[in-house]
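Below: the structure, in structure tokens.
The values are calculated or read from the model by the stated rules, or taken from the named source; none is laboratory data. Remember, it's a predicted structure, so these values are computed and weren't measured experimentally. Glycine also receives a Cβ, built like all others from the backbone with ideal geometry; neighbour counts cover every protein chain displayed.
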Amino acid sequence: MYIQFVQGNVKRGVDVELGYRTLIVGPNGSGKSSIINSIELGLCGYATDVSGRPMVKRNTDLIALANEDAGLKVTLETDTSHKVTYSIRRDGDRVKRATHRLNGLHATMPFMDVREHLTGSAAKAKTYLLGWLSHTLLEKDIYEKIPAANLDEYQLAAKACKSQASDPIDLLVKIIAYAKQRVRDSRKEVKTLTEVVEGSGLHMNTKPTTESEIASALAEEQRLFQVYTKACQDVPQTEISPEARDKIMSKWQTLSIELPQLQDELNRIEMDALFAPISDKDDRLFGIREKIREIAEMHHAMGATACSVCASTVSPSIFASTAQNMTTANQQMQHKVNLHRQYDALKKTFDEKKQEGRAMIEQVAKIERLLKDPPKSVDIPALEKEYKDALAKRQSLEQQLKAWSEVKRLHLRVQGAEKAVERHQELAAQGERIISELLQQAIDDFQDEVNKFIPDDFILDIDLENDSCTFGLRKETKVVTALSGAEWVKMLLAIGCAMSQGADFRVFTPEERAYDEQTLFDMMEALTDAPGQVLLTTPVEPSFIPPEWTVVRLTDQLPF
């Protein structure tokens with residue numbers, strides 16, 4: 001299978017028929033790259049050598065290849081009538097997403113893959129080779145390379161990174177990055193905690209405060225508090241002098257006159273005929289009598305001769321006398337209530353003054369006792385200071401114990417963080433060792449695969465030791481990197497075949513250079529047996545072309 005027809009509006013436009021082996025001849029600007037770009041877009045969705053950039057994939061950049069304002073479009077058709085389309089449309093100033101229909105076709109452009117992955121930085125080549133190996137690698141293959149002492153740590157890291165990994169090698173790479181980040185985080189934690197400990201002024205060799213020291217300080221504090229409070233209680237609250245005693249006695253004499261007067265008033269109220277306990281029944285009767293009074297007054301005002309309640313015939317005067325009786329009874333009841341209120345207020349005043357008199361008597365007795373036997377002088381401020389000093393000492397000891405406990409806790413965290421640094425450094429080192437082993441295995445396996453497509457007297461040699469990826473052909477012990485055009489194409493062909501296994505078909509597009517006629521012929525001979533379609537571009541047509549090759553001449557298509 002090969003691409004037979006190419007149509008599209010790439011650059012100046014493409015409408016060409018190709019063969020299985022095709023030599024595209026034309027000067028610069030004649031449209032050679034337009035054909036190659038059209039095939040790249042149709043098969044892979046990218047274009048190479050666009051505006052000085054080796055590869056372009058973004059729609060907003062690819063749309064610049066179109067020679068129409070409406071958008072970019074490419075159609076490829078194989079010799080088996082299988083069609084592939086690729087298009088990008090404009091919507092005003094917006095560039096819409098690309099529409100790419102391969103219709104089940106799996107094709108590859110091996111020389112482009114070699115340029116993309118194995119030319120340039122060594123890091124990019126290592127990533128590709130490890131990815132190439134990962135297709136045949138199982139997670140258990142990596143587990144077997146991990147020392148038993150590091151296996152638990154690896155499994156913990158794998159659990160944290162597994163959801164982000166696409167394959168076992170990718171998981172290992174993410175675990176290495178995870179371990180290095182943990183090393184940085186743990187070192188930062190050690191530094192921060194160490195600064196906190198040093199700032200506290202305490203160290204692990206500092207003698208810590210004990211619980212027994214705090215208990216002794218608390219006991220002393222409580223003892224001094226009791227001494228201080230007792231001394232405060234023993235201090236007289238009143239002035240101790242004959243004058244103070246006489247002043248209180250003068251108040252007592254006034255009170256001794258008021259108390260009998262209050263008692264007489266209480267006795268008078270008690271003697272009143274209406275002074276008696278008030279019950280709930282009295283309250284209910286008060287309300288009933290009030291309603292009867294209202295009904296009787298209503299009948300009297302109407303001049304009624306019959307009761308509207310019981311329908312009895314009565315004299316009209318009965319209603320007037322009934323209303324008067326109810327009024328009198330309730331007035332007596334209200335008087336009774338007022339007596340009780342007056343009595344309660346007087347009784348409260350009497351009891352308060354009586355209590356005040358007793359307090360005066362006790363004060364006078366205390367003053368006379370202290371005048372006869374004055375109390376010993378006590379330095380209250382000194383006792384207070386002793387108590388507060390003891391309180392401060394106990395609090396200081398507790399704070400020291402708390403600070404030392406915090407320092408101990410921080411010290412343990414420092415030790416834990418230092419161990420974490422060691423563990424994750426070891427994990428990262430083990431991971432990098434395994435990556436190095438896997439990379440060497442990938443290089444060996446990849447070279448073995450490439451060597452299947454290289455003549456027996458040469459083998460591929462890949463060098464990733466420096467910053468860039470270089471490769472050449474080894475014969476016996478000598479590595480040749482300065483290859484001729486034909487040798488270089490043979491090597492790229494072998495590498496491309498190894499990289500593109502499993503594709504439905506391959507399209508080989510060697511990079512155009514100013515080759516001389518003999519080199520170009522040798523390249524065509526080398527590509528004759530390529531396992532896929534070959535498209536070779538050149539500005540100059542050789543004098544002899546192998547019969548297997550189709551020639552597309554673009555010279556006649558120039559607009560002059």
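Where strands (runs of 3 or more DSSP E) fall wholly inside segment 437-483, the ranges with 2 or more residues that are within 44 Å of the chain's Cα centre (by Cα) are 468-475. Scanning segment 90-134 for residues that are within 34 Å of the chain's Cα centre (by Cα) and more than 28 Å from L536 (Cα to Cα), we see that the one that is surrounded by the most Cβ atoms within 10 Å (Cβ to Cβ) is L130.
Listed here are the strands (runs of 3 or more DSSP E) enclosed by segment 51-100 that have at least 1 residues being touching a strand residue (DSSP E or B) at 6+ places or on another chain (Cβ under 9 Å) and either among the small types (G, A, S) or closer than 18 Å to V14 by Cα (or both): 71-78, 83-91. Restricting attention to segment 64-78 and to residues that are out of contact with any Lys or Arg (no Cβ under 7 Å at 6 or more places or on another chain) and either of a type in the set (V, I, T) or at pLDDT below 90 (or both), the residue that is surrounded by the most Cβ atoms within 10 Å (Cβ to Cβ) turns out to be V74. Summed over segment 195-251, residues that are surrounded by 15 or more Cβ atoms within 10 Å (Cβ to Cβ), aliphatic (A, V, I, L, M) and modelled with pLDDT under 85 total 6.
To keep it simple, each residue is scored yes or no on (1) assigned by TED's automatic domain parsing to the domain that holds F446; (2) closer than 25 Å to E449 by Cα.
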{"site": "P110", "(1), (2)": "no, yes"}
{"site": "V114", "(1), (2)": "no, yes"}
{"site": "H117", "(1), (2)": "no, yes"}
{"site": "L129", "(1), (2)": "no, yes"}
{"site": "I142", "(1), (2)": "yes, yes"}
{"site": "I146", "(1), (2)": "yes, no"}
{"site": "L151", "(1), (2)": "yes, no"}
{"site": "Y154", "(1), (2)": "yes, no"}
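Listed by first and then second residue, the pairs linking a residue in segment 447-472 that is under 18 Å from K124 (Cα atoms) to a residue that is basic (K, R), with Cβ atoms under 7 Å apart and 6 or more places separating them unless they lie on different chains, are D461/R474; L464/K126. Could you list, ordered by first residue, the pairs with Cβ atoms under 6 Å in which the first is in segment 329-343 and at negative phi and in contact (Cβ under 8 Å) with a residue 60 or more places away in the chain and the second is assigned to a helix (DSSP H, G or I) and among the polar types (S, T, N, Q), at least 6 apart or interchain? Once the first residue is at negative phi and in contact (Cβ under 8 Å) with a residue 60 or more places away in the chain and sits in segment 329-343, no partner that is assigned to a helix (DSSP H, G or I) and among the polar types (S, T, N, Q) comes close enough.
Residues in segment 472-486 that are closer than 30 Å to H135 by Cβ and touching a helix residue (DSSP H, G or I) at 6+ places or on another chain (Cβ under 8 Å) were compared, and the one that is surrounded by the fewest Cβ atoms within 10 Å (Cβ to Cβ) is L483. One residue alone among K372, K366 is surrounded by fewer than 18 Cβ atoms within 10 Å (Cβ to Cβ) and free of Cβ contacts under 8 Å to residues at least 40 places away in the same chain, and that residue is K372.
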